[in-house]
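Here the structure comes first, spelled out in structure tokens, and everything after it is commentary.
The values are calculated or read from the model by the stated rules, or taken from the named source; none is laboratory data. In this text the structure is predicted, and so the values were computed from the model without any measurement. Every residue, glycine as well, gets a Cβ built from its backbone with ideal geometry; the counts of neighbours run over all protein chains shown. These area figures cover heavy atoms from the full protein model, side chains too; ligands, DNA and RNA do not enter into them. Shrake-Rupley method; radii C 1.70, N 1.55, O 1.52, S 1.80 Å.
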Amino acid sequence: MEFIGHGGKKLVERVVTDKKEALNKIKGLKAVPVRRQLATEAISLAYGFFSPLEGFMKKNDVDSTCKNMALVDGTVWSIPIVFDISDQEIVDYGIKVGTSVLLTYEGNPLAIFEIEDIYAYDRDTWSQAVYGTTDSKHPGVKRTLDYKDKFLGGKITLINPPKFNPPFDQYWLTPKQHREKFGQKGWKRVVAHQTRNVPHSGHEWLMKHAWMATHAEMSMEETEEGHAITGVLVNAIIGEKRAGDYIDQAIILTQDALRKYGYFRDDVHMTSFTLWDMRYAGPKEAVHHAIIRTNLGLTHHMFGRDHAGVGTYYGSYDAHRIFNKIPKEKLNITPIFVVEWLYCPHCGEVTCIGLCNHKKEWQGFSGTVIRSIIMDGVKPPRLIFRPEIFDIVQECAEKYGFGSPFVTQEYLDKGTQAFRIDPL
Amino acid sequence: MAETYPINIWINEERYAKLQKAGLAELTQDAFAGLKKLPVPNTMNQVDRVVKLFPKAKFDSATTKTIELLPKDVKDDIFDMVVSMGKIDIMEEFLKKHGA
């Protein structure tokens, strides 16, 4: 079945699954080892998470993305997806336009890269356009400045699909598989909850809010009968970690636990993930997330306060406003804007700042406070943090986090990665 | 009175019972949906010494003005000192015990 992805174009899938064919295709190709970020982006490109891109971006598309927030053909695009390489590596690997190389990860074949462009790009222009700043303290700007001398553009074909380690293997779906799954569930509308967090009740209510807004005018009969036609997809971002973040295993397992323990119905809620290193590009990253989720087949995308922001670089609702500048027909996903949910002692419940008028009494879900409670090993009240979620966080700390639910140097050095590439 | 910067010890039932026994339960504060905390005060000088002693800890100078991310065993130790010494102002003794 042919699926249509972002920009109204055919969903990309450039994957060779036949081992013999793959071995034939890579015969004689020069092997170029890649780091984790490039390996994950090659995987995402090949499966169509970044459709209509078929490979790493060429200079004209990067330039158009920076200047117009669109690819050369006019398709909305907000963050360059690039392959960086040093001048020395270009010489060492004999890389030339018109040739192909074999990308390898941890010593094993990963993908064929058809080199169509070799170029440089001004980092300040790029940073200002994508991040709205050239401040090297911004993590996205730092990443841009740290890229090697040149960039290679061209098509990617995955020849050795990744194997996902437990527990990630239960939650990995390609864009096509997401769409097939939604079809099986009978979902007519699906709203994305983008996350890098273990959920507290504030997150839970954001999802409930988004589900109601997404379902909107559609019939409630099917839902009452037990087969909802609107779903919430928690699509966690699994990628580069920083010390103090929640460990990936805790994020994915606790998000699914909201369904497993009945806080959401089985026919309403589902968890999966996307491999992506956050750029913290605020509004531009919100557009990028919308593009990815369009490719997964979602119809709606929830955006909260300060979506994908960092520090004080963006206004709280910049990531909402940017969608007003994009013509509806250019982005086939409807943004659902949500405001903060918090605990009000007067109401005695979790409520929304858009509804409750006991402002002086509000107790917000500060990430720092929740983290502090979890670190003390003290179970928070179930109204703000579900007891099953707390237990899973503690279990994950023991099983995957070397005693901590938060990323430590030990986790970074020895923790199990989400995926591996086996020998072909 | 000079401003102080607390280390918040979160109070479960077991800890609350120990504080009651030590006559310190009234020092707890309602913090979040009925969950209580015990704010152990620090001067700015003590904040600097705590953060130096435990490099993973952070002083949140922007919002909460509290010391966060202290390891659990360190906070357990602070709580035990509060209970055994029968007072909340124990950070000088705590820092001396750790050679800081």
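Rolling a 1.4 Å probe over the heavy atoms of the protein chains gives the protein assembly as shown an accessible area of 43 Å² per residue.
Multiplying the residue separation of A:GLU225 and A:THR133 by 0.36 nm and removing their Cα-Cα distance gives an extension gain of 28.0 nm.
Among beta bridges from DSSP that stay inside chain A, the antiparallel ones total about 50%. Per the Debye calculation on chain B with a single equal scatterer at every Cα and no solvent contribution, log₁₀ I(q)/I(0) for q = 0.18, 0.22 Å⁻¹ amounts to -0.84, -1.25. The Kirkwood hydrodynamic radius of region A:77-116, based on inverse pair distances between different Cα atoms, is 11.6 Å. When only the Cβ of Lys, Arg, Asp and Glu is charged (+1, +1, -1, -1), the dipole of region B:7-97 relative to its Cα centre reaches about 160 debye.
A:HIS227 sits among other residues whose Cβ lies under 9 Å from its own Cβ, and their net charge, with Lys and Arg +1 and Asp and Glu -1, is -2. Counted over all Cα-Cα pairs of region A:6-161, pairs farther apart than 20 Å make up 50 percent. Dipole of region A:164-420 computed with +1 at Lys/Arg Cβ and -1 at Asp/Glu Cβ about the Cα centre; of A:THR408, A:LEU173, A:TRP205, farthest Cα towards the positive end is A:LEU173. Need the C-alpha centroid separation for region A:1-18 versus region A:267-284, integer Å. That distance is 20 Å.
Using θ = phi - 60° in the Karplus curve 6.51 cos²θ - 1.76 cosθ + 1.60, the 3J(HN,Hα) couplings for region A:227-239 round to 10, 4, 9, 10, x, 10, 9, 7, 10, 6, 9, 10, x Hz; x is entered for Gly and Pro. Toward the positive end of the charge dipole of the protein assembly as shown, about the Cα centre and with charges on Cβ (Lys, Arg +1; Asp, Glu -1), which of A:LEU424, A:TYR261, A:ALA70 goes farthest? Looking along the dipole axis, the top candidate is A:ALA70. The Cα-based radius of gyration and maximum Cα-Cα distance (Dmax) for region A:164-420 are 17.9, 51 Å. Region A:33-93 and region A:322-395 have Cα centres spaced 34 Å apart. Ordering A:PRO283, A:HIS346, A:GLY377 by the projection of their Cα atoms onto the charge dipole of region A:164-420, which places +1 on the Cβ of Lys and Arg and -1 on the Cβ of Asp and Glu, puts A:PRO283 at the extreme positive end. If the reach is capped at under 25 angstrom between alpha carbons, list the lysines near B:LYS96, excluding any in the same chain fewer than eight residues apart. Straight-line reach from B:LYS96, under 25 Å: B:LYS18, B:LYS37, B:LYS52, B:LYS56, B:LYS58, B:LYS65, B:LYS72, B:LYS75, B:LYS87. Can you compute log10 of I(q)/I(0) for the protein assembly as shown with the Debye formula, treating each Cα as one identical point scatterer, at q = 0.09, 0.11 Å⁻¹? Ignoring solvent entirely, the Cα scatterers give -0.72, -1.03.
What would the Debye equation give as log₁₀ I(q)/I(0) for region A:88-163 at q = 0.19, 0.20, 0.23, 0.28 Å⁻¹, counting only Cα atoms as equal point scatterers? Per q value, in the given order, log10 I(q)/I(0) is -0.91, -0.94, -1.01, -1.15. With each label modelled as a point 7 angstrom along the Cα→C-beta vector, the A:CYS352-A:ILE4 pair spans 3.1 nm. Summing charges over neighbours of A:GLU240, with a neighbour being any other residue whose Cβ is under 13 Å away from its Cβ, gives +3 when K and R count +1 and D and E count -1.
Using a Gaussian network model of chain A in which every pair of alpha carbons under 10 angstrom is joined by a spring, one finds that among A:THR104, A:THR17, A:THR299 the greatest mean-square fluctuation is at A:THR17.
Ranked from highest to lowest mean number of other Cβ atoms within 10 Å per residue, what is the order of the peptides A:5-11, A:50-56?
Top of the packing list down: A:50-56, A:5-11.
Placing +1 on the Cβ of every Lys and Arg and -1 on the Cβ of every Asp and Glu, with nothing else charged, gives the protein assembly as shown a dipole about its Cα centre of roughly 420 debye.
Dipole magnitude for region A:6-161: about 340 debye, using +1 per Lys or Arg Cβ and -1 per Asp or Glu Cβ, origin at the Cα centre.
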